[in-house]
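Asker: Handing you a structure now.
The values are calculated or read from the model by the stated rules, or taken from the named source; none is laboratory data. Keep in mind that this is a model prediction, so the values were computed, not measured. With ideal geometry, Cβ positions are generated from the backbone for all residues, glycine too; neighbour counts draw on all protein chains shown. What goes into the accessible areas is simple: the full protein's heavy atoms, side chains included, and nothing from ligands, DNA or RNA. Shrake-Rupley method; radii C 1.70, N 1.55, O 1.52, S 1.80 Å.
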Amino acid sequence: MSPTAVTRKTAARRSRAARGKVKPADVLIVGAGFAGLGTAIRLLAAGIDNIVILERGSEVGGTWRDNSYPGAACDIPSNLYSFSFAQNPQWSRGYSGSGEILGYIRHLVAHYKLGRLIRFGHTVTGLAFDAEQGVWNASLAGGGVVSARAAVMAQGPLSNASFPDIAGIERFKGHKIHSARWDHGYDFTGKRVAVIGTGASAVQIIPELVGKAARLKVFQRTPAWVLPRLDYSAPDWSKAVFRRVPATQSLVREVMYWAHESMAFGMIWNTPMTTLLQGVSSRFLRRQVRDPWMRRQLAPDFRIGCKRVLMSSDYYRALQRDNCELITWPIAGIVEKGIRTSEGLEHQVDCIVFATGFEVSKSGTPFPITGLDGRKLGAEWARGAQAYKSVNVAGYPNLFMTFGPNSGPGHNSALVYMESQIDYIVRGIGTILRQDLKQLDVRAEAQVRYNKGIQKRLATTNWNSGCKSWYLTEDGYNATMYPGFATQFKRQMKTFAQQDYRAL
Amino acid sequence: MNIDLDKMLAKVRSSQWALADIDWDAPGAELVTAEQWPKLKEFMSDLMWIEHVGARGFAAMAKKAPNDTLKELYVYFHAEEQRHANTEMALMRRWGMLDGEEIPEPNINLRLVIEWLDQHSDDMPLEVLGSVIPMLEIALDGALCKFLLDTVNDPVCHQAFARINDDESRHLGVGFHVLEMQGHGNLYRMALKAVATALNPKLMLGILAYLPLLNRMRDNIITMGLKEESLYSAMKKYERIGGRTAAGRRNPWFQIISRHGRLVVNRKHLYHRPVDALVRLTDHYPRRLLRPIPTWVKQLTYKTTA
């Protein structure tokens, strides 16, 4: 294609767009959390600045804006749970709390002047591809459409929280709080409180609430493997060193990265290290919990790594406080005054905290996505999502995803994975704009080939070893995790193989 | 007895009830006669403890279940047996048989069984517990509960046991299904495995605790006025249902337990001499050798709310 032809095509598109109502942006990004903002920063660095970020909330931060429950913190060290291109020497702790992480995200917005790109209160209700124009049209709640030549789905996998489907939940007359929608106005002092769930959020909430509530009842369905979290307060001198010599922070980050990478041996695959990690966790449980029956209640019966490993040094201690009770009977239902369990007792409480996690989309999409020839991504993914390198899906040209199918880590920082996805997306979008393509669509055969490899590798991982987890669909299909080291993931994202794409 | 475990799990989930569903202050408690009262107190206490140790048995089975559905069923059955024990305790309270907040004192044989369950039941293979539990269930369901309802006129007791019996019928359905499930496979290998399991010292200790408990319970129940024939027919029922398919009959543990059942109901058999001696011997078991009561026992309660 000659340069003159490109210019002519561009001119033609421009005149078509001019005839339309609004000129499409180059890129629209759904979500102003870590992924969306990170993508915007890297796009700007690549000289692409005609960007629109559509955010349904009134604040940036995504998961970290929503999860502000007491004790909310990241279970990956902050030096690793941050962008390598925007390190923060000021982290106050080894594992920072949600407030500090949100502060970091706000700092990113200010520093990279992203505010001008974000449209708050814009809830995307659907994305449809116009093949003729080569643009994605995002329809918005309350009307209106935003168009762009490329779209980035950065709404995050952990963004939809709702109360679980427990019989009688609507009958409860007390206060209900979801961990991801914390009610900061509710005073727990002297209250009888129930916490349903013992996952990643619960192990952070329980130690906080046990100090305030008169009685705390913790309802557990499945115990998880817990490892101590070696948190520390960052001394001023280390902050000063990081500030003055940023290479030192990069070095610390690198050490942490490789330490986490080594965990993959035990967490992802069943190796002697898996046994070792289980031994460490079991010993921790034995040392922390004196009562053998309680230890039995808290002992997982699946392989470590199969579900998310929890990091907490104060959860077990909190459970043994006099005002705390661990309840492992199945929940029979919720009634006006509390929770009934199957051993026949009604546990009457003033407030129920639902630390029951998120609706993670493993099959289907958060809103209808219509690709070429009217195909619907939700329908195609009904039995489990799949994509090419977690970023593109055949039949949906110019659409990119962060945290798409099979990009979840079980042992390392999600941001490491996200960064390499973002850089890949920037290369893809750069290709569309540079070559003035209407469509850059991954070839179906490349996607099938990629997924065959992924599923084959997943079959031998701990995630697929028999436990039920949010990583798997009801049929046991793993559309969530990446079966390998972060280093492998980064390497696969480094090359943008244009031969795997159909360019038009 | 082939049942659809998924449907059974859905049925169990939708059939949950709570102690608060029963009006414990409703009239009728006075229908327990003064003559009945002391024996009934002992009977109820034994019944409650049997339910409770059964509950612990299900907890152990949940750890061994070969699939998630069965595991979840056992988790529910563990809770339901506990609910039955709690309900029976609530009845005892209604009839003024509880000493304040205290849980009735278990006899020494129960203590030994509790201790064994606490220490070793999680190490037992599913086929052992999966074969014993239906036997205990059928004895409870077919003999003890029926006897209780024939003897006691309190309508609240009848109301409570209607619910308990509904639960127990599901436990039995699953119990016999699993019993048959365990009878599939190579007979020689199953027999060999059963011999190896029987030689496990932990199981031997369990048998040593279990045999005198059964004989003591039998004596207590008969003192109360239950006819031996009722127990006999319950045992026969176990043999009949468990043995009605080839797979059930091939399960070595079914064979062992049903044959043992025949010995238990035959009072004239020599079997009772050493076992009755064991009962007397356990009366002298030094209490200081007993471990502290495990905390799972302390979860028993007659209360409807907490």
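Asker: Show the residue pairs that are 6+ apart or on different chains and have beta-carbon atoms under 7 Å apart, the first residue being within the range B:159-171 and over 13 Å from residue B:16 (Cα atoms), the second being of a type in the set (Lys, Arg) and open to solvent by 60 Å² or more (accessible area, probe 1.4 Å).
Answerer: none
Asker: Here is a further query. Looking only at residues in the range B:65-89 that are charged (D, E, K, R), at the interface with chain A (Cβ under 10 Å from one of its Cβ atoms) and touching a residue at least 12 places away in the same chain (Cβ under 8 Å), which one is nearest to residue B:8 (Cα to Cα)?
Answerer: Going residue by residue through the range B:65-89, those that are charged (D, E, K, R) are B:68, B:71-72, B:80-81, B:83, B:88.
Subsequent filtering for residues that are at the interface with chain A (Cβ under 10 Å from one of its Cβ atoms) retains B:68, B:71-72, B:80-81, B:83.
Okay, now just the ones that are also touching a residue at least 12 places away in the same chain (Cβ under 8 Å), so B:72, B:80-81, B:83.
On the way: B:72: 11, B:80: 14, B:81: 17, B:83: 19 Å.
The qualifying residue nearest to residue B:8 (Cα to Cα) is B:72.
Asker: If only one of A:489, A:496 is surrounded by 15 or more Cβ atoms within 10 Å (Cβ to Cβ) and part of a loop (DSSP other than H, G, I, E, B), which one is it?
Answerer: Step by step, each of A:489, A:496 is checked, and only A:496 is surrounded by 15 or more Cβ atoms within 10 Å (Cβ to Cβ) and part of a loop (DSSP other than H, G, I, E, B).
Asker: From B:114, B:138, which residue is within 14 Å of chain A (Cβ to nearest Cβ) and buried (at least 21 other Cβ atoms within 10 Å of the Cβ)?
Answerer: Going through B:114, B:138 in turn, just one is within 14 Å of chain A (Cβ to nearest Cβ) and buried (at least 21 other Cβ atoms within 10 Å of the Cβ): B:114.
Asker: From (1) closer than 20 Å to residue B:301 by Cβ; (2) crowded, with 16+ Cβ neighbours inside 10 Å; (3) over 23 Å from the mean Cα position of the chain (by Cα), pick out the condition that doesn't hold for residue B:52.
Answerer: Going through (1) closer than 20 Å to residue B:301 by Cβ; (2) crowded, with 16+ Cβ neighbours inside 10 Å; (3) over 23 Å from the mean Cα position of the chain (by Cα) one by one, residue B:52 breaks only (3).
Asker: While we're on this one: So in the range B:1-43, with the set limited to residues that are among the aromatic types (Phe, Trp, Tyr) and within 14 Å of another protein chain (Cβ to nearest Cβ), which one is nearest to the chain's Cα centre (by Cα)?
Answerer: Once the filter is applied, the top-ranked residue is B:17.
Asker: A further question on this structure: So which residues in the range B:237-262 are closer than 20 Å to residue B:140 by Cα, open to solvent by 50 Å² or more (accessible area, probe 1.4 Å) and touching a residue at least 24 places away in the same chain (Cβ under 8 Å)?
Answerer: B:237, B:256, B:262
Asker: Within the range B:93-107, does at least one residue satisfy the condition of being over 30 Å from residue B:281 (Cβ atoms) and within 14 Å of chain A (Cβ to nearest Cβ)?
Answerer: Looking through the range B:93-107, at least one residue is over 30 Å from residue B:281 (Cβ atoms) and within 14 Å of chain A (Cβ to nearest Cβ).
Asker: Among the residues of the range B:88-111, is any within 25 Å of residue B:61 (Cβ to Cβ), surrounded by 22 or more Cβ atoms within 10 Å (Cβ to Cβ) and among the acidic types (Asp, Glu)?
Answerer: Yes, the range B:88-111 has at least one match.
Asker: Another one. For the range A:299-345, what are the residues that are touching a Gly at 6+ places or on another chain (Cβ under 6 Å) and within 11 Å of chain B (Cβ to nearest Cβ)?
Answerer: Result: A:333, A:335, A:340.
Asker: Restricting attention to the range A:477-494, does a residue exist that is under 24 Å from residue A:257 (Cβ atoms), without any contact (Cβ under 8 Å) to a residue 12 or more places away in the chain and basic (Lys, Arg)?
Answerer: Yes: the range A:477-494 contains one or more residues that are under 24 Å from residue A:257 (Cβ atoms), without any contact (Cβ under 8 Å) to a residue 12 or more places away in the chain and basic (Lys, Arg).
Asker: Still on this structure, I have one more. Scan the range A:381-393 for residues that are over 23 Å from residue A:484 (Cα atoms) and open to solvent by less than 10 Å² (accessible area, probe 1.4 Å) and jot them down.
Answerer: Within the range A:381-393, none qualify.
Asker: Taking the options A:150, A:138, name whichever one is touching a helix residue (DSSP H, G or I) at 6+ places or on another chain (Cβ under 9 Å), part of a strand (DSSP E or B) and of a type in the set (Gly, Ala, Ser).
Answerer: Of A:150, A:138, the one residue that is touching a helix residue (DSSP H, G or I) at 6+ places or on another chain (Cβ under 9 Å), part of a strand (DSSP E or B) and of a type in the set (Gly, Ala, Ser) is A:150.
Asker: Considering only the range A:242-278, state which residues are farther than 30 Å from residue A:300 by Cα, touching a residue at least 60 places away in the same chain (Cβ under 8 Å) and not aromatic (Phe, Trp, Tyr).
Answerer: Matches in the range A:242-278: A:243, A:246, A:249, A:250, A:252, A:253.
Asker: Against the condition over 22 Å from residue B:219 (Cβ atoms) and either under 18 Å from the mean Cα position of the chain (by Cα) or of a type in the set (A, V, I, L, M, F, W, C) (or both), how does residue B:84 come out, does it pass?
Answerer: In short, yes.
Asker: Which of the numbered conditions does residue A:183 fail, given that it passes all the others? Conditions: (1) free of Cβ contacts under 8 Å to residues at least 12 places away in the same chain; (2) assigned to a loop (DSSP other than H, G, I, E, B); (3) under 30 Å from residue B:76 (Cα atoms).
Answerer: All conditions pass for residue A:183, except number (3).
Asker: For the range A:53-82, enumerate the residues that are closer than 29 Å to residue A:145 by Cβ and of a type in the set (Asp, Glu).
Answerer: Passing the criteria: A:55, A:59, A:66.
Each row is one residue, and each column tells you yes or no for (1) farther than 29 Å from residue A:336 by Cβ; (2) outside the structural domain of residue A:95 (by TED's automatic domain parsing); (3) surrounded by fewer than 20 Cβ atoms within 10 Å (Cβ to Cβ); (4) modelled with pLDDT of 95 or more.
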site	(1), (2), (3), (4)
A:179	no, yes, no, no
A:186	no, yes, yes, yes
A:196	no, yes, no, yes
A:201	no, yes, no, no
A:205	no, yes, no, yes
A:210	no, yes, no, yes
A:216	no, yes, no, yes
A:234	yes, yes, yes, no
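Asker: I'd like the full set of residues that are surrounded by 14 or more Cβ atoms within 10 Å (Cβ to Cβ) and not acidic (Asp, Glu), limited to the range A:99-118.
Answerer: Of all residues in the range A:99-118, those surrounded by 14 or more Cβ atoms within 10 Å (Cβ to Cβ) come to A:100-106, A:108-109, A:112, A:114, A:117-118.
A:101, A:102, A:103, A:104, A:105, A:106, A:108, A:109, A:112, A:114, A:117, A:118 - these are the residues of the range A:99-118 that are surrounded by 14 or more Cβ atoms within 10 Å (Cβ to Cβ) and not acidic (Asp, Glu).
Asker: If we keep just the residues of the range B:289-306 that are closer than 16 Å to residue A:328 by Cα and not in a loop (DSSP other than H, G, I, E, B), which is nearest to the other protein chains (Cβ to nearest Cβ)?
Answerer: B:299
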